[in-house]
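Reviewing the structure listed below.
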Amino acid sequence: LSSGVRNYVNLAQRWKSIASQTSGAADESAFTTSLPSAVPLAAPSGISSPGRDVQASRFSGFVQSETSSAWCGTNVVVGYNDTASLFLQSVSGLTIVGYAVSTNSGNSFTGGRALIPGVLPSGVTRRDFMGDPVVGCASKTNFFFSTLTMDTLNDSSQISGVSVTFSLDGGFTFDNTVMAVGKDATNHFLDKDWFAVDPTNPARLYVTYTDLDTSGAGCGGDVRWGIEIVTSGDGGATWSRATGPPPSHAGDPGVEFDLDGVVYLSTLDPTARDGTPIGITVARWTDGGRSFSKAAYAMDTSTSFAFPDGVARKLCGEEGNFFDYPKLAVDRGADSPYRNRLYLIANGINFDRDA
């Protein structure tokens, strides 16, 4: 599971000891955010508030993680899993999602903000934001925030989903949350969401995620790792039914548009011994979801790369390279010589029996 969800599980296990310390903490004034003089901030200024780390870290093995950023005009919003944000809770539910805002192209940030569940829709008694935040924007004022979400309904049943929350003031405040996709948490857990805005049509939004499906349908009782996508053509007000690429893809999807509105989907590839994902593929989606192109390998275990010791390794028995958490970016410079060039970044992990 992602670190955001592990935070959530950790929080649930320790809630009795933590709850008494969260009451009354309605804003960030409850925190001391200054650093000791002996620990200077790196330049440029930091985004999250290190002064809150010590207070939150005793409650979880994670503090800030799984960052995402969006930049439109001079406004930049950076989102991240943030255990300190649970102190900025509302009566609507808990959150472990924090964010920071810059109005000067990232030269400085106003941090310490939390994505807090607002007014709940009918039939929902509680909404928890569980991490894996992704930020997108359509203009300097119009920003979007997707995150893993767990809704508790009137009958105490739960819906695991991905929600999208909107900002009309450049990312300073987010409200009007819409559940882009939700499934019965009895048999489904949605994880590893990613979000993208079409630069040719800012009302066209895509959310992709991994559906950890334990219903056993067509899977012989095993967990189905389903990559799925939902889309909106009206700026996030309504969302399509889920669709997805061929079931051979394993998880951790990323989605991005180029300047011509073509969608690219990156995922882990499971074609390895024992079904372990060992590579990353990228597929094109050009016809509104009716079909994906044949996925092309962008990274696989035949790709050598240098580790800190300068040794390049390849897959061999229990040794080898493992790529994870792929994310895409596109050169959107209209006059750039590299217009629409794709860039892919991923964690590179080495398994070495002798290390």
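Structural remarks
- Counting every alpha-carbon pair across region 141-218, the share separated by more than 16 Å comes to 56%.
- Summed residue charge, Cβ within 12 Å of H188's Cβ, Lys/Arg positive, Asp/Glu negative: -3
- The rule of thumb for compact globular proteins, 2.2 N^0.38 Å, goes into the C-alpha radius of gyration of region 73-173 1.10 times.
- A simple rule links phi to the HN-Hα coupling: the Karplus curve 6.51 cos²θ - 1.76 cosθ + 1.60 with θ = phi - 60°, which for region 119-135 gives 5, 8, x, 4, x, 9, 9, 7, 9, 10, 8, 10, x, 6, x, 9, 10 Hz, with x for Gly and Pro.
- L259 long-range amide H proximity, modeled H, under 5 Å: N340
- The 3J(HN,Hα) values that the Karplus relation (6.51, -1.76, 1.60; θ = phi - 60°) gives for region 252-259 are, in residue order, 6, x, x, 9, 7, 9, 9, 5 Hz. Gly and Pro appear as x.
- Each peptide in 228-234, 125-131 was scored by the mean count of other Cβ atoms within 10 Å over its residues; highest first, the order is 125-131, 228-234.
- S163 long-range amide H proximity, modeled H, under 5 Å: T147, T149, A180
- T103 accessible area, assembled protein chains, probe 1.4 Å, Å²: 80 Å²
- Close amide H contacts of D82 (hydrogens built in the peptide plane, cut-off under 5 Å, sequence separation of 5 or more or a different chain): V97, G98.
- Cross-link table K140/K183; K192/K294; K294/K327, entries beyond 26 Å C-alpha to C-alpha: K140/K183
- S215 contributes about 60 Å² of solvent-accessible surface, heavy atoms of the protein only, 1.4 Å probe.
- With the highest mean first, a sort of the peptides 187-197, 68-78 on other beta-carbon atoms found within 10 angstrom per residue produces 187-197, 68-78.
- Heavy-atom accessible area for D175, with the other protein chains in place and a 1.4 Å probe, reaches approximately 100 Å².
- Hull-based mean projected area of region 90-143, where the convex hull spans the alpha carbons, in square nanometres: 4.8 nm²
The values are calculated or read from the model by the stated rules, or taken from the named source; none is laboratory data. Computed from a predicted structure; not experimentally measured. In this analysis, Cβ positions are derived from the backbone assuming ideal geometry, glycine residues included, and neighbour counts consider all displayed protein chains. Accessible surface is based on the protein model in full, side chains and every heavy atom, while ligands, DNA and RNA are left aside. Shrake-Rupley method; radii C 1.70, N 1.55, O 1.52, S 1.80 Å.
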